Every structure is written in C-alpha cells, then in structure tokens.
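Student: Have a look at the structure that comes next, please.
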Amino acid sequence: MSKELDDLTAEVTDISTASDAVLALVKGLSDQIAADAGDKTKMEALAATLKAKASALAAAVVAGTTPPVPVVPPAPPVPPNPQP
C-alpha cells in the first residue's frame, strides 16, 4: 500500500505545482495589464506574450492529459437461424 500512497502523493504534488504555476502566470499577467494599460506598445507586447504562453500552456495540458478511453458500442444481437 505504501507504493500506492507514494504514487498518489507524487501525483497530488504535480497537480499542485501545475496549479500554482498557472495561478502565478495569471496573477503576473493581471499585474502587467494594470501597470501598462495606458501604453499601447507595452500592451501589444503583452498580448503577444500572452498568446505565446497560452499556446505553450495548452500544449502542456494536452501532453499531460490522458486521452479518454474509447467506448466501443456493444455488438448487435445475432438473429436466430430459422429452422426448416
């Protein structure tokens, strides 16, 4: 049972670390927007940075997400053979 607990603890740590990183990114962007709101050049640069980071974040989420298991529909029932 210890290995299972260790694995679960590591997974929770990974999730917490990823969540903290995303929250720090959002907070940092919010602070930058507030500081640079009146400067068009800085806002355009921030928009480009945001777009690049959003793409990287989306790729990381896709890479770290287990694809769903496909659901195979049940086979249709086989009709009985007619008896002569």
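Throughout, read-outs are computed from the coordinates displayed, never taken from laboratory work. If you're wondering where the values come from, they're calculated on a predicted model, not measured in any experiment.
Student: What translational diffusion coefficient, in µm²/s and rounded to a whole number, does the Stokes-Einstein relation yield for the chain at 25 °C and a viscosity of 0.890 mPa s, taking the hydrodynamic radius as the Kirkwood radius over Cα pairs?
Tutor: Calculated translational D: 138 µm²/s.
Student: Helix 2-36 sits at what angle to the longest principal axis of the chain, using alpha carbons and giving 0 to 90 degrees rounded to 10?
Tutor: Helix 2-36 sits at roughly 40 degrees to that axis.
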